[in-house]
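Colleague: Sending over a structure as structure tokens; questions will come in a sec.
The values are calculated or read from the model by the stated rules, or taken from the named source; none is laboratory data. Please read these numbers as outputs of a predicted model, since none were measured by experiment. FYI the Cβ positions are ideal-geometry reconstructions off the backbone, even for glycines, and counts take in every protein chain you see.
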Amino acid sequence: MLLLKRTGLVLLGLLLILTIIVGILLLDKPSTPPIVNQSGEALENSIAQIEFIDIGGIPQWLLIRSHNIDNPPLLVVHGGPGSPEAELFRAFNSELEKHFTVVHWHQRGAGWTRTGNETVNDYKIDTHLEDVDEIVRHIYERFGEQKVFILGHSWGSVLGIRHIRNHPDLVAAYIGVGQVTDLTESEQRGCDYIQAQAESAGDAQVLAEVASFCHPPFTPEYAMTQRPYLSRYKGDMQELTLPLLGWQMFSTEEATLMSVINLARGSIEGVENMWDELMAINFFEEPTTFDVPIFFVLGRTDYQVSATLAADYFGRISAPCKQLQWFENSGHFPMWEEPEDFNEFMITEVLNLKGCQSN
């Protein structure tokens, strides 16, 4: 009887803890702080708000921040698929809010757009592109019909490069960070890098392990196995680590426990549902003529999405003007690995198209 009583108390305690956790998660909604002057008052003509707008038939999440709402709009198209980056841009790149009206968008299946739309599972690239078209037009019309700067990171660069080719009219310039080009070849180069590093280190065990899976056909299971080896040899980030990124993420008011859950779910579902389409991407086989200025920001040691392949592709691009900027101490995340230099580049080079060389 005493044992049953103790068991009952333990179960009751676990149920109480579970109830508290669920309650916290349900109440765990994001917020964003106002932009204030030295007196702590909201800065005149600033904007700092979170909103949902109807895009593609579902409510989609936007975070909009700027010290001056008249600043040129900058749409940040995050990576993944399914991996929002607004919190980390807030942690590392808030300086941009002084010069741009920065708009972060959680794509379908990702972040807070995923919450409340869990049954929406249209993960096709074309559907995402239709969403981009709507959001760019929304931003253009809302912010004084100013043309929109578009920053696409990793998977977001797939959407960015295709959008500017098909719909250049409302775009001021495009910034491809960790630009995707040919993902199958990119994965092969990532494998070659791991093998070269393992050979250099004399790590026979890693060489044997990598040889067993690091070859076509590349699958989602392959990617889950390959990425830790890539991290081991700093082929994704040089000095940053995932724990450090997590720490920085939770330094912002926008980050919540539910943010992490959404990030994990969205990333897994996005890759699983879109992998075949992603592996079919080869921009070398698509038109390379564009009607907007183009900037590529590449980390010198990016082997998660091959930087050397992106540089080759950049050389084939025809645009009104274009510029490639290498970040020597970065991998796939130069905006967070070298944030001060990245912010300076965006403000001094991109904003005024300074240094953008005409074709």
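Colleague: Inspect all residues belonging to the stretch 160-174 and state whether any of them is in a helix (DSSP H, G or I) and in contact with a Ser or Thr (Cβ under 7 Å, 6 or more places away or on another chain).
Modeller: Scanning the stretch 160-174, I find no residue that is in a helix (DSSP H, G or I) and in contact with a Ser or Thr (Cβ under 7 Å, 6 or more places away or on another chain), so the answer is no.
Colleague: So is E87 acidic (D, E) and in a strand (DSSP E or B) or not? Even if it seems obvious, please write down each step before you answer.
Modeller: Working: acidic (D, E): yes; in a strand (DSSP E or B): no.
The answer is no for E87.
Colleague: Starting from residues that are over 26 Å from A42 (Cβ atoms), touching a helix residue (DSSP H, G or I) at 6+ places or on another chain (Cβ under 6 Å) and of a type in the set (A, V, I, L, M), keep the ones in the stretch 53-107 and report whichever is modelled with the lowest pLDDT.
Modeller: Looking at the filtered set, the residue picked out is I55.
Colleague: Find all pairs meeting these conditions: Cβ atoms under 6 angstrom apart; at least six residues apart or on different chains; first residue within the stretch 171-183 and in contact (Cβ under 8 Å) with a residue 12 or more places away in the chain; second residue part of a strand (DSSP E or B) and surrounded by fewer than 22 Cβ atoms within 10 Å (Cβ to Cβ).
Modeller: Listed by first residue and then by second, the contacts come to D182/N282.
Colleague: While we're on this one: Among the residues of the stretch 249-257, are any assigned to a helix (DSSP H, G or I) and either in contact with a His (Cβ under 8 Å, 6 or more places away or on another chain) or touching a residue at least 12 places away in the same chain (Cβ under 8 Å) (or both)?
Modeller: Going through the stretch 249-257, the residues assigned to a helix (DSSP H, G or I) turn out to be 249, 257.
Those left that are additionally either in contact with a His (Cβ under 8 Å, 6 or more places away or on another chain) or touching a residue at least 12 places away in the same chain (Cβ under 8 Å) (or both): 249, 257.
Yes; the residues of the stretch 249-257 include at least one that is assigned to a helix (DSSP H, G or I) and either in contact with a His (Cβ under 8 Å, 6 or more places away or on another chain) or touching a residue at least 12 places away in the same chain (Cβ under 8 Å) (or both).
Colleague: crowded, with 17+ Cβ neighbours inside 10 Å, without any contact (Cβ under 8 Å) to a residue 40 or more places away in the chain and not in a helix (DSSP H, G or I), is that true of Q304?
Modeller: Numbers: crowded, with 17+ Cβ neighbours inside 10 Å: yes; without any contact (Cβ under 8 Å) to a residue 40 or more places away in the chain: no; not in a helix (DSSP H, G or I): yes.
Taking the combined requirement at face value, the residue does not satisfy it.
Colleague: Report whether or not F149 is surrounded by 24 or more Cβ atoms within 10 Å (Cβ to Cβ) and not in a strand (DSSP E or B).
Modeller: no
Colleague: For the stretch 137-160, give me each residue that is over 25 Å from E286 (Cβ atoms) and either polar (S, T, N, Q) or within 11 Å of the chain's Cα centre (by Cα) (or both).
Modeller: Q146
Colleague: Name the pairs whose Cβ atoms lie under 7 Å apart, with the first residue in the stretch 43-56 and loosely packed, with under 13 Cβ neighbours inside 10 Å, the second in a loop (DSSP other than H, G, I, E, B), and 6 or more positions between them or separate chains?
Modeller: If the second residue must be in a loop (DSSP other than H, G, I, E, B), the pairs left are N45/N68; N45/I69; N45/D70; Q49/T32.
Colleague: Among the numbered conditions (1) touching a residue at least 12 places away in the same chain (Cβ under 8 Å); (2) surrounded by fewer than 23 Cβ atoms within 10 Å (Cβ to Cβ); (3) over 30 Å from R137 (Cα atoms), tell me where G190 comes up short.
Modeller: The one condition G190 does not meet is (2).
Colleague: Looking at (1) assigned to a helix (DSSP H, G or I); (2) under 30 Å from R65 (Cα atoms), find the lone condition where E277 falls short.
Modeller: Tallying (1) assigned to a helix (DSSP H, G or I); (2) under 30 Å from R65 (Cα atoms), E277 fails exactly one: (2).
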